[in-house]
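Chemist: Let me give you the structure first, and then I'll get to my questions.
The values are calculated or read from the model by the stated rules, or taken from the named source; none is laboratory data. As the structure is a prediction and not an experimental result, all values here were calculated from the model. Here the Cβ positions follow ideal geometry from the backbone for every residue, glycine too, while neighbour counts run over all protein chains shown.
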Amino acid sequence: MKTIVITGATRGLGLATARQAVVEGYKVIAVGRSLSAELKVAISENPGQLFFEQFDLNEIESIHSFAKHIAKNYGRLWGLVNNAALGSDGVLATLHEKDIAQLIRVNVEAPILLTKYLLRPMLMNRGGRIVNVSSIIATTGFSGLSVYGATKAALAGFTRSLSREVGKAGITVNTVAPGYMETDMTSGLQGEKLEAIRRRSPLGHLAKAEDVAYAVTYLLSEKAENVTGSTITVDAGSTA
Ligand SMILES: NC(=O)c1ccc[n+]([C@@H]2O[C@H](COP(=O)([O-])OP(=O)(O)OC[C@H]3O[C@@H](n4cnc5c(N)ncnc54)[C@H](OP(=O)(O)O)[C@@H]3O)[C@@H](O)[C@H]2O)c1
């Protein structure tokens, strides 16, 4: 059974991906700050295959020891999905410096450090998968999301250069860019604003977390062995 780590798998897209990965036969280590009721149920339904590891990615100085803990307790690692992120919004002129720093720390610095340390066993195994969850906002822009957008564009840039570094070792690195999905992160977006986003989709509806999870599990699979350095957009056509 191949082992993968998914950050931010307590809710939303991470949880949908964890559920899908379990169905596809992976051993899944779900990382988050607190065990949600939904993840708890999923773990009880999949004993020995789905695990929760409590970790706050804001604590970047502890990431190295967390990666060692993962390697020691779960053995060979096949894949890492850098999904956890903060979605804080606000116009730049009034955004607090500490909120800007935290967004950059959790959305960029933490996944880069976690990748650095979890890549090591993959390099030794001569194979593996890294999937970075970005957003269509990285390329389209959205008022009130300038810092968030910067962090998501950073991850896409990280993907491309890292794919060049580790390709010879049989490791692929890709980005998934979701459009709007209904999760806790977007619960503040309702009414006419949400309708406007829906109207932009040629399909007349929005992608769900499950739709995006399929793209992530495809990139984790053997079938995606010749896909690297690329971005799969799952946005129900919103950016077409
Ligand atoms: N929702 C959208 O419309 C949308 C669109 C494009 C891209 N995305 C991207 O998709 C990914 C998932 O988003 P989502 O909508 O599923 O978000 P969500 O529902 O808010 O879930 C975020 C997840 O990240 C975890 N997390 C947040 N801060 C953390 C920290 N400091 N340490 C550890 N875990 C942390 C949360 O777990 P805990 O609370 O347990 O820590 C939770 O599991 C993100 O990268 C987001 O940027 C979302």
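Chemist: List every residue pair whose Cβ atoms sit under 7 Å apart, with the two residues 6 or more apart in sequence or on different chains, where the first one lies in the stretch 187-207 and is under 15 Å from GLY87 (Cβ atoms) and the second, anywhere, is aromatic (Phe, Trp, Tyr) and surrounded by 10 or more Cβ atoms within 10 Å (Cβ to Cβ).
Modeler: Pairs found: ILE197/TYR180.
Chemist: Limited to the stretch 38-87, what total is found for residues that are surrounded by fewer than 19 Cβ atoms within 10 Å (Cβ to Cβ) and either of a type in the set (S, T, N, Q) or on the phi > 0 side of the Ramachandran plot (or both)?
Modeler: Count: 10.
Chemist: I'd like to know if the stretch 177-200 contains one or more residues that are β-branched (Val, Ile, Thr) and more than 11 Å from the ligand (Cβ to nearest atom).
Modeler: No: the stretch 177-200 contains no residue that is β-branched (Val, Ile, Thr) and more than 11 Å from the ligand (Cβ to nearest atom).
Chemist: Turning to a different aspect of this structure: VAL5 passes all but one of (1) touching a residue at least 24 places away in the same chain (Cβ under 8 Å); (2) touching a Ser or Thr at 6+ places or on another chain (Cβ under 9 Å); which number fails?
Modeler: (2)
Chemist: Being modelled with pLDDT under 95 and either of a type in the set (A, V, I, L, M) or more than 14 Å from the ligand (Cβ to nearest atom) (or both) is the filter here; which residues of the stretch 126-147 pass it?
Modeler: The one that is modelled with pLDDT under 95 and either of a type in the set (A, V, I, L, M) or more than 14 Å from the ligand (Cβ to nearest atom) (or both): SER143.
Chemist: Next question, about the same structure. Conditions: (1) surrounded by 15 or more Cβ atoms within 10 Å (Cβ to Cβ); (2) free of Cβ contacts under 8 Å to residues at least 40 places away in the same chain. SER135 meets all but one. Number of the miss?
Modeler: Of everything listed in (1) surrounded by 15 or more Cβ atoms within 10 Å (Cβ to Cβ); (2) free of Cβ contacts under 8 Å to residues at least 40 places away in the same chain, SER135 misses just condition (2).
Chemist: List the pairs whose first member sits in the stretch 79-93 and is under 15 Å from ALA150 (Cβ atoms), whose second member is hydrophobic (A, V, I, L, M, F, W, C) and within 15 Å of the ligand (Cβ to nearest atom), and whose Cβ atoms are under 6 Å apart, counting only residues at least 6 apart or on separate chains?
Modeler: So the pair list comes out as LEU86/LEU103; LEU86/VAL106; GLY87/MET185; SER88/LEU103; ASP89/LEU145.
Chemist: I've got another one for you. Please verify whether the stretch 157-170 includes one or more residues that are surrounded by 15 or more Cβ atoms within 10 Å (Cβ to Cβ), touching a Leu at 6+ places or on another chain (Cβ under 9 Å) and either at pLDDT below 95 or of a type in the set (Ser, Thr, Tyr) (or both).
Modeler: The answer is no, given that none of the residues of the stretch 157-170 is surrounded by 15 or more Cβ atoms within 10 Å (Cβ to Cβ), touching a Leu at 6+ places or on another chain (Cβ under 9 Å) and either at pLDDT below 95 or of a type in the set (Ser, Thr, Tyr) (or both).
Chemist: So which helices (runs of 4 or more DSSP H) stay within the stretch 1-99 end to end and still have 2 or more residues that are within 18 Å of the chain's Cα centre (by Cα), over 18 Å from ALA213 (Cα atoms) and within 11 Å of the ligand (Cβ to nearest atom)?
Modeler: Per the criteria, 63-74.
Chemist: Let me ask you something else. Only residues that are hydroxyl-bearing (Ser, Thr, Tyr), within 17 Å of VAL108 (Cα to Cα) and in contact (Cβ under 8 Å) with a residue 24 or more places away in the chain: list them for the stretch 157-174, please. Step through it out loud before you land on a result.
Modeler: Within the stretch 157-174, the first condition is being hydroxyl-bearing (Ser, Thr, Tyr), and the residues that meet it are 159, 161, 163, 172.
Then drop every residue that is not within 17 Å of VAL108 (Cα to Cα), which leaves 159, 161, 163.
Residues satisfying the conditions are THR159, SER163.
Chemist: Is it the case that some residue within the stretch 175-182 is surrounded by 21 or more Cβ atoms within 10 Å (Cβ to Cβ), in contact with an Asp or Glu (Cβ under 8 Å, 6 or more places away or on another chain) and among the β-branched types (Val, Ile, Thr)?
Modeler: No, because not a single residue in the stretch 175-182 is surrounded by 21 or more Cβ atoms within 10 Å (Cβ to Cβ), in contact with an Asp or Glu (Cβ under 8 Å, 6 or more places away or on another chain) and among the β-branched types (Val, Ile, Thr).
Chemist: Can you confirm whether the stretch 131-146 contains a residue that is touching a Phe, Trp or Tyr at 6+ places or on another chain (Cβ under 7 Å), over 25 Å from LEU35 (Cα atoms) and of a type in the set (A, V, I, L, M)?
Modeler: Checked against the condition, which is being touching a Phe, Trp or Tyr at 6+ places or on another chain (Cβ under 7 Å), over 25 Å from LEU35 (Cα atoms) and of a type in the set (A, V, I, L, M), the stretch 131-146 yields at least one hit.
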